[in-house]
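J.: Starting off with a structure, shown below.
The values are calculated or read from the model by the stated rules, or taken from the named source; none is laboratory data. Predicted model only: the values in this text are computed from it and were never measured. Because the Cβ atoms are built from the backbone with ideal geometry, glycine has one as well, and the counts that use them run over all protein chains shown. Heavy atoms of the whole protein, side chains included, go into the accessibility calculation; ligands, DNA and RNA do not. Shrake-Rupley method; radii C 1.70, N 1.55, O 1.52, S 1.80 Å.
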Amino acid sequence: MSGYWDPSIERMPFDELRSLQEDRLKSIVRYVYDHSNFYRQRFKEAGVGPDDIKQMDDLTKLPFTRKVDLRNTYPTGMFSLPVSRVVRYHVSSGTTGKPTVVGYTKDDIETWSESLARALTSIGLGRSDVIQVSYGYGLFTGGLGLHYGAEKIGATVLPTGVGNTERQIELMQDLGTTAIACTPSYFMHMVEVAEKMGVRIRNDTKLKAGIFGAEPWSLETRKRIEDATGINAYDIYGTSEISGPLFTECPQKNGIHIWADMFLTEVIDPKTGEQVGDGETGELVFTTLNKFALPLIRYRIGDLSVLDSEPCECGRTHPRIMRILGRTDDMLIIRGINVFPSQVESVLMKIPEVGDHYQIVVGREGPLDVMTVRVEVTEKGFSDKIGDLMSLKKKVAKELKSVLNISAGVELVEPGTIPRSMGKAQRVIDNRKV
Ligand code: DLL
């Protein structure tokens with residue numbers, strides 16, 4: 001079992017942790033009321049003020065906030081401090097609408113790094129590690145976030161960023177990278193490129209851990225990555241609004257620990273807004289407890305997960321969220337049936353002849369929705385016997401149907417055909433929206 005970065009916090013007894021959360025909740029509510037015009041207005045509209053928040057259960061009196069609020073107040077209307085106190089901005093790519101801007105004080109950056117220091121230590125990394133950061137640097141939070149966290153634990157950072165994959169692999173070998181941080185889809189691409197260069201990750205590098213996130217990925221993908229390379233692949237989660245990458249799994253690999261002294265986590269029914277119990281799927285809602293440039297109260301993240309507050313075998317008392325199913329807005333509705341791309345991935349990655357890369361193409365034929373799953377066949381699975389390919393196609397369609405309850409078309413394509421991603425993979429092409 002690996003060590004702790006700060007055992008006094010990470011193993012803090014539940015009651016103490018809860019009372020710390022309660023104190024911080026009261027303070028942050030008062031703070032935003034005093035500092036942010038946006039929140040003061042919002043609380044007034046909801047008929048609630050800082051004096052109404054006396055204990056944890058009062059949390060539900062507070063109104064939710066959402067991404068749309070950040071958009072409507074673009075660029076910095078939700079900030080609680082003047083820009084002169086802000087030491088850094090990050091900006092979302094704006095692929096789903098107007099971009100959102102987040103800002104940090106020096107202390108906010110420190111808290112973010114502290115969160116990652118705990119997470120990276122929990123997966124066994126430390127001073128003797130070389131951590132290659134292959135998330136994008138710049139406006140995206142992945143690169144700089146991991147960079148600061150890795151430096152904080154005294155590891156050696158190799159800040160490669162994304163792209164130039166062959167060079168990344170050469171450097172990985174030359175500088176003895178022991179852990180890599182990037183999207184799982186980019187890592188799978190890297191493995192493919194390495195193979196073409198005659199480099200086997202398992203034998204020809206020192207890589208032992210991967211810190212993979214920023215996009216949904218299934219347990220089946222984890223298994224593939226681990227089987228193919230011999231590394232330990234850990235899930236890392238966060239969003240730019242709550243700082244960036246913040247939390248990982250511990251070695252139990254059974255949920256991602258959310259540091260309760262920093263964040264208050266709720267899971268709600270996205271339709272009613274009511275909290276759901278532990279073990280039930282719902283939308284994640286976070287309240288930041290010690291972030292000061294852009295504190296967020298009951299912020300609806302849009303990601304679906306399940307909360308588990310039971311003690312973890314690793315000894316940490318902080319609650320866990322289970323693997324992210326996807327965003328509420330990623331859910332495809334095909335002929336009235338809800339489909340998450342992550343479910344499709346789970347099915348595909350169990351079929352050995354299917355390659356690591358896939359795409360889901362949705363369109364309409366007359367009034368009907370049609371979904372086609374485009375999959376690469378592995379070099380081994382690629383046979384010139386038409387009969388074999390036909391039976392593979394049938395097999396994939398059958399497995400998809402048994403899990404998704406709808407019929408999907410299957411298109412088999414040659415290895416290397418589907419575009420590779422360096423950052424977040426674009427898995428879904430929904431032509432209905434065009
Ligand atoms: O993706 C922050 C990040 C960087 C996380 C590096 C992990 C590693 P955004 O660009 O704001 O921030 O996108 C956040 O990405 O709401 C999820 O939908 C998705 N996401 C992030 N991590 C995971 C994960 C960064 N481990 C959005 N599993 C979130 C599934 C993830 N989805």
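J.: Give segment 174-201 a look and list any residue that's aliphatic (A, V, I, L, M), more than 16 Å from Glu379 (Cα to Cα) and open to solvent by less than 20 Å² (accessible area, probe 1.4 Å), or say none.
T.: Ala179, Ile180, Ala181, Met190, Val199, Ile201 - these are the residues of segment 174-201 that are aliphatic (A, V, I, L, M), more than 16 Å from Glu379 (Cα to Cα) and open to solvent by less than 20 Å² (accessible area, probe 1.4 Å).
J.: Within segment 146-157, is there a residue that is free of Cβ contacts under 8 Å to residues at least 24 places away in the same chain, of a type in the set (Lys, Arg) and either more than 16 Å from the ligand (Cβ to nearest atom) or open to solvent by 20 Å² or more (accessible area, probe 1.4 Å) (or both)?
T.: No, there is no match, as no residue in segment 146-157 is free of Cβ contacts under 8 Å to residues at least 24 places away in the same chain, of a type in the set (Lys, Arg) and either more than 16 Å from the ligand (Cβ to nearest atom) or open to solvent by 20 Å² or more (accessible area, probe 1.4 Å) (or both).
J.: Anything in segment 204-219 that is in a helix (DSSP H, G or I) and either in contact with a strand residue (DSSP E or B) (Cβ under 7 Å, 6 or more places away or on another chain) or within 14 Å of the ligand (Cβ to nearest atom) (or both)? List them, or say none.
T.: Correct list: Leu219 only.
J.: Does Pro50 fit the bill of being open to solvent by 60 Å² or more (accessible area, probe 1.4 Å) and touching a residue at least 12 places away in the same chain (Cβ under 8 Å)?
T.: no
J.: Only strands (runs of 3 or more DSSP E) wholly contained in segment 324-432 count here; list those with 2 or more residues that are farther than 20 Å from Glu220 by Cα and modelled with pLDDT of 95 or more.
T.: Here the list reads 354-365, 368-377, 409-413.
J.: Of the numbered conditions (1) hydrophobic (A, V, I, L, M, F, W, C); (2) in contact (Cβ under 8 Å) with a residue 40 or more places away in the chain; (3) within 16 Å of the ligand (Cβ to nearest atom), Val306 satisfies every one except a single condition; which is it?
T.: Every listed condition holds for Val306 apart from (2).
J.: Continuing with the same structure: Could you go through segment 159-171 and let me know if any residue there is open to solvent by less than 10 Å² (accessible area, probe 1.4 Å), touching a residue at least 24 places away in the same chain (Cβ under 8 Å) and within 14 Å of the ligand (Cβ to nearest atom).
T.: yes
J.: In segment 334-365, which residues are exposed (fewer than 15 other Cβ atoms within 10 Å of the Cβ) and either of a type in the set (Val, Ile, Thr) or free of Cβ contacts under 8 Å to residues at least 24 places away in the same chain (or both)?
T.: Gly336, Ile337, Asn338, Glu365
Residue by residue, here is whether (1) touching a helix residue (DSSP H, G or I) at 6+ places or on another chain (Cβ under 7 Å); (2) of a type in the set (A, V, I, L, M) holds:
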{"site": "Leu246", "(1), (2)": "yes, yes"}
{"site": "Ala260", "(1), (2)": "yes, yes"}
{"site": "Gly277", "(1), (2)": "no, no"}
{"site": "Leu284", "(1), (2)": "no, yes"}
{"site": "Arg300", "(1), (2)": "no, no"}
{"site": "Glu310", "(1), (2)": "no, no"}
{"site": "Pro319", "(1), (2)": "no, no"}
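J.: Looking at segment 202-231 only, could you name the residues that are crowded, with 19+ Cβ neighbours inside 10 Å and under 20 Å from Thr177 (Cβ atoms)?
T.: If the condition is that a residue be crowded, with 19+ Cβ neighbours inside 10 Å and under 20 Å from Thr177 (Cβ atoms), then Thr205, Leu207, Ala209, Gly210, Ile211, Phe212, Gly213, Ala214, Arg222, Ile225, Thr229, Ile231 are the ones that fit.
J.: So how many residues does segment 232-252 have that are under 13 Å from Leu120 (Cβ atoms) and either modelled with pLDDT under 95 or open to solvent by less than 20 Å² (accessible area, probe 1.4 Å) (or both)?
T.: Counting residues in segment 232-252 that are under 13 Å from Leu120 (Cβ atoms) and either modelled with pLDDT under 95 or open to solvent by less than 20 Å² (accessible area, probe 1.4 Å) (or both) gives 8.
J.: Then there is this: From the list Glu215, Glu192, which one is more than 21 Å from the chain's Cα centre (by Cα) and either in the same structural domain as Ser93 (by TED's automatic domain parsing) or at pLDDT 95 or above (or both)?
T.: One residue alone meets the criteria, Glu192.
J.: Hey, which of the strands (runs of 3 or more DSSP E) in segment 76-136, taking only ones fully inside, have at least 3 residues that are open to solvent by 10 Å² or more (accessible area, probe 1.4 Å) and in contact with a strand residue (DSSP E or B) (Cβ under 7 Å, 6 or more places away or on another chain)?
T.: 88-91
J.: Give the residues of segment 223-246 that are charged (D, E, K, R) and away from the ligand (no atom under 11 Å from the Cβ), sorted by residue number.
T.: Correct list: Lys223, Arg224, Glu226, Asp227.
J.: Can you confirm whether segment 412-422 contains a residue that is acidic (Asp, Glu) and either touching a residue at least 60 places away in the same chain (Cβ under 8 Å) or surrounded by fewer than 16 Cβ atoms within 10 Å (Cβ to Cβ) (or both)?
T.: yes
J.: Looking at (1) farther than 30 Å from Glu414 by Cα; (2) in contact (Cβ under 8 Å) with a residue 60 or more places away in the chain, which is the only condition Leu284 fails?
T.: (2)
J.: Is it fair to say Leu304 is open to solvent by 50 Å² or more (accessible area, probe 1.4 Å), under 27 Å from Gly255 (Cα atoms) and touching a Leu at 6+ places or on another chain (Cβ under 6 Å)?
T.: When the stated conditions are applied, Leu304 does not pass them.
J.: Those residues that are open to solvent by 30 Å² or more (accessible area, probe 1.4 Å) and either more than 15 Å from Val267 (Cβ to Cβ) or in contact with a Pro (Cβ under 7 Å, 6 or more places away or on another chain) (or both), I need them from segment 308-323; list them, please.
T.: Result: Asp308, Ser309, Pro311, Glu313.
A quick yes/no check of all residues on (1) of a type in the set (D, E, K, R); (2) touching a Lys or Arg at 6+ places or on another chain (Cβ under 9 Å); (3) more than 19 Å from Trp259 (Cα to Cα); (4) in a helix (DSSP H, G or I):
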position: Gly3; (1), (2), (3), (4): no, no, no, no
position: Asp15; (1), (2), (3), (4): yes, no, no, yes
position: Arg18; (1), (2), (3), (4): yes, no, no, yes
position: Arg24; (1), (2), (3), (4): yes, no, no, yes
position: Ile28; (1), (2), (3), (4): no, yes, no, yes
position: Val32; (1), (2), (3), (4): no, yes, yes, yes
position: Gln41; (1), (2), (3), (4): no, no, yes, yes
position: Lys44; (1), (2), (3), (4): yes, no, yes, yes
position: Lys54; (1), (2), (3), (4): yes, yes, yes, no
